[in-house]
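Take a look at the structure below.
Read-outs throughout are calculated quantities, based only on the coordinates presented, and are distinct from any laboratory measurement. No experiment lies behind these values; they were computed from the predicted model shown. Methodologically, a virtual Cβ is constructed for each residue, glycine included, from the backbone with ideal geometry; neighbour enumeration extends over all protein chains shown.
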Amino acid sequence: MGAVKLHGAAAGLVDLETEIRRDLEILDYPVKSWLRPFKRDDGAHVFDVVVIGGGHSGLCAAFALKREKILNSIVLDENSEGEEGPWQTYARMPDLRTRKSVTGAELGYANLTYRAYFEARFGEETYQELKRITCGEWTSYLLWMRRLLELPVRNGVRVEGIEPEGNIFRLKTNAGGAQDYILTRRVILASGPLSTGGTNIPDSISTNLPNSFYGHVYHSVDFERLKDKTIVVIGAGASAFDNAGTALEQGAKAVHMLVRRPHIPRLSLIRWADWSGFMNTYADLDDEQKWKLASEVQRNPSPPPMRALNRVDKRENFHIHFNSPMIAAGIEDGKAVIETPAGKHRADYVLCATGFAFNLERAPLFRPFFSDIALWKDRFAGPPGGSEKFSNSPYLGRHYEFLEKTPGAAPWLKHIFNFTQSATLSMGPTGRVSGLKYGVRRLMIGVSNSFVREDFEQHLASVKRYNDSELDGHPWVEKPPAAI
Ligand SMILES: Cc1cc2nc3c(=O)[nH]c(=O)nc-3n(C[C@H](O)[C@H](O)[C@H](O)COP(=O)(O)OP(=O)(O)OC[C@H]3O[C@@H](n4cnc5c(N)ncnc54)[C@H](O)[C@@H]3O)c2cc1C
């Protein structure tokens, strides 16, 4: 029986995969694997790198580790395959906010870009017609890359603690209730924005409303239960509109959005930041320059995209209330009541679109070593009254590594690389697709560098032992030393 012939999309993808394998082979230089096998004294296996988080940051880091021949590495993600990151869960938007031409996760391999993947399946013309990358397609693209590149991801494993053990780390893991541990020389935190403090829920909501009356847009929301109900959405960022749209499309009776400001901001500084000079060199600016730039970005919160506004603006049961910061919350006659200077709003349910919390001190992954890490407030006296979030941001080294608050107190910290959004003040945009290639390049220099330094004596011994010559035997060439 002859080989099965593939047609159309399947054939396009098979051809593309063949080309990619060839690209990877052509660019596979140098090929030498350079890290010595490492075991604990009792013989237990020690990974070179464990990446915590299998979203696009973690996958991209894993790909780069492979290219750098740091092969004894693994990615752990607590979610199941395909459920990593927000795309299939709490990103309630039809498509990515980023332009379809965005590159980054492919690390510069043109055939691995989203565009190449899409065109192989649906053709160039369809790509020209495509407006945006849907969340579903983004997930399928990431899963395709992961499979094709054979990235070593283990799903369903939560890391519950990072403990230094001599010159390695012991990661406490939990896989479906089974506790275990994994040893590693280096840790890359690619654990996403939820890992740096969870969600931000205003105190007056969490204190005064029973759990059944409120939720956060970055958690699961039972929209079926909200059918025919009146909902208050607090906040006016992109996710606020995405969730208002989802609730209305799924049959909510009315949605009232409470906005602190008198209007929706016009400018997206995320767009402004999309230039290579900025993303490549931000991390090398001095502290004051970083603080000034980041303050400008913080002063101008990103607006939702136009299509998120259009999703709700024509609906009669959508109501937007400007100049309406929440000043109190409570329950009256079985309804949630949110008070603002402009009046009271009664609702069956309150959805907080109030962003991520930023609290490393309480975040399970960071808590054990939080008191040892240098923060911005330890190293840089920003202007009086500056942002608390900035002051409490980790003050990182040039390659995403944590630095010690007190020199010498926790030298192992430099072997944990913080590739989460909490790196942004030190390193520039982290986590977003467009920043990936710049960030990962820098990250890899740091990881490689740290191994070479730690193993320096072995490398020195190795260069002294080096005895591999293609010239042996030629009469003009010195004789090799006699075997010892
Ligand atoms: C709603 C929303 C929409 C966005 N849209 C865009 C966009 O269009 N374009 C763009 O560039 N950016 C966007 N962003 C910003 C950014 O790209 C995303 O936050 C993106 O998910 C970041 O990728 P990541 O891999 O860093 O983190 P995540 O995608 O969050 O992945 C982190 C992973 O780590 C895992 N994890 C966390 N803690 C542990 C642990 N202890 N043990 C094991 N696993 C763990 C999680 O399960 C998760 O899968 C958006 C963000 C949000 C919230």
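A few comments on the model shown:
- Cut-off under 5 Å, modelled amide H: who pairs with THR199 long-range: ALA357
- Arranged from fewest to most other beta-carbon atoms within 10 Å of their beta carbon, GLU17, GLU478 become GLU478, GLU17.
- You can think of it this way: the chain between ASP472 and SER101 has 128.3 nm of extra reach, that is 0.36 nm per residue less the Cα-Cα gap.
- Cβ-Cβ distance of ASP41 and ARG299, R₀ of 45 Å, FRET efficiency by 1/(1 + (r/R0)^6): the value works out to about 0.25.
- Sparsely packed trypsin sites (Lys or Arg not before Pro) within the stretch 273-338, loop by DSSP, other Cβ within 10 Å at most 11: LYS314
- Environment charge at VAL157 (Cβ cut-off 15 Å; Lys +1, Arg +1, Asp -1, Glu -1): -3
- The chain - percent relative contact order, Cα under 8 Å, separation 6 or more: 16
- Using the Cβ-Cβ distance between LYS253 and ALA381 with R0 set to 56 Å, the FRET efficiency from 1/(1 + (r/R0)^6) comes to roughly 0.60.
- Förster radius 56 Å - calculated FRET efficiency between VAL452 and ASN317 (Cβ-Cβ, nearest 0.05): 0.35
- The relative contact order of the stretch 147-192 comes to 27 percent, based on Cα pairs under 8 Å that sit 6 or more residues apart.
- Exposure proxy for TRP272, TRP34: other Cβ atoms within 10 Å of each Cβ, ordered fewest to most, give TRP272, TRP34.
- Shape annotation for the chain: C-alpha extents along the principal axes are 97, 66, 46 Å, from largest to smallest.
- Sparsely packed loop sites in the stretch 224-323 (the GluC sites (Glu not before Pro) outside DSSP H, G, I, E and B with at most 16 other Cβ atoms within 10 Å) comprise GLU224, GLU316.
- Rg to Rh, two decimals, where the stretch 136-232 supplies the alpha carbon set and Rh follows Kirkwood: 1.09
- Packing-based exposure ordering (other Cβ within 10 Å, fewest first) of VAL157, VAL463: VAL463, VAL157
- Tilt relative to the chain, helix 436-454 - C-alpha long axis, 0 to 90 degrees, to 10: 40
- Estimated 222 nm signal from helices in the chain, with DSSP H stretches of n ≥ 4 weighted -39500 (n - 2.57), rounded to 500: -9000 deg cm²/dmol
- The angle between the Cα long axis of helix 287-299 and the longest principal axis of the Cα atoms of the chain comes to about 30 degrees, rounded to the nearest 10.
- The C-alpha atoms of the chain define a longest principal axis, and helix 56-67 lies at about 10 degrees to it.
- For the stretch 121-174, the list of trypsin sites (Lys or Arg not before Pro) that fall in a loop by DSSP and count at most 11 other C-beta atoms within 10 angstrom reads LYS131.
- Taking all Cα pairs closer than 8 Å and separated by 6 or more residues, the relative contact order of the stretch 271-411 comes to 14 percent.
- The residues neighbouring VAL477, those whose beta-carbon lies less than 15 Å from its own, together hold a net charge of -3 under the Lys/Arg +1, Asp/Glu -1 convention.
- Close amide H partners of ILE320, meaning residues 5 or more places away or on another chain with modelled amide H under 5 Å apart, are MET257.
- Gain upon complete extension [ASP228, MET306; 0.36 nm per residue less C-alpha separation]: 25.4 nm
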